[in-house]
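Written below as structure tokens is the structure these notes are about.
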Amino acid sequence: MTGIEFLASFLATGELYGLRVGSTLDEVDRALSHPFVDVVGEGGAWLRRDYGLVEFAFNPEPNPRAGPGRSGSWPP
């Protein structure tokens, strides 16, 4: 898959390796086996997993303002 095909697929489906908004931390771990950096918010309030080009954010509690399927699960 070329870079253009990859970007076109992402834009058309909203998915990256089968991941989309609302994917859980476990789903991200299974889909991506690349090095990452975890940044944890004060008191464990949130987690940001940074893969370089892509990063995912997780909150322990669903955000009622975000709507359905808009928060990951943290802590694992």
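The values are calculated or read from the model by the stated rules, or taken from the named source; none is laboratory data. It should be emphasised that the depicted structure is a prediction, and the values quoted were computed from it without experimental measurement. Virtual Cβ from ideal backbone geometry, glycine too; neighbours counted across all protein chains shown. Side chains are part of the model used for accessible areas, which takes the heavy atoms of the whole protein and leaves out ligands, DNA and RNA. Shrake-Rupley method; radii C 1.70, N 1.55, O 1.52, S 1.80 Å.
Here are the numbers for the structure shown:
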quantity	calculated
Residue within the range 39-47 that is of a type outside the set (D, E, K, R), part of a loop (DSSP other than H, G, I, E, B), touching a helix residue (DSSP H, G or I) at 6+ places or on another chain (Cβ under 9 Å) and open to solvent by less than 90 Å² (accessible area, probe 1.4 Å) present	no
Residues of the range 10-35 satisfying the condition of being open to solvent by 50 Å² or more (accessible area, probe 1.4 Å) and of a type in the set (S, T, N, Q)	THR13, SER33
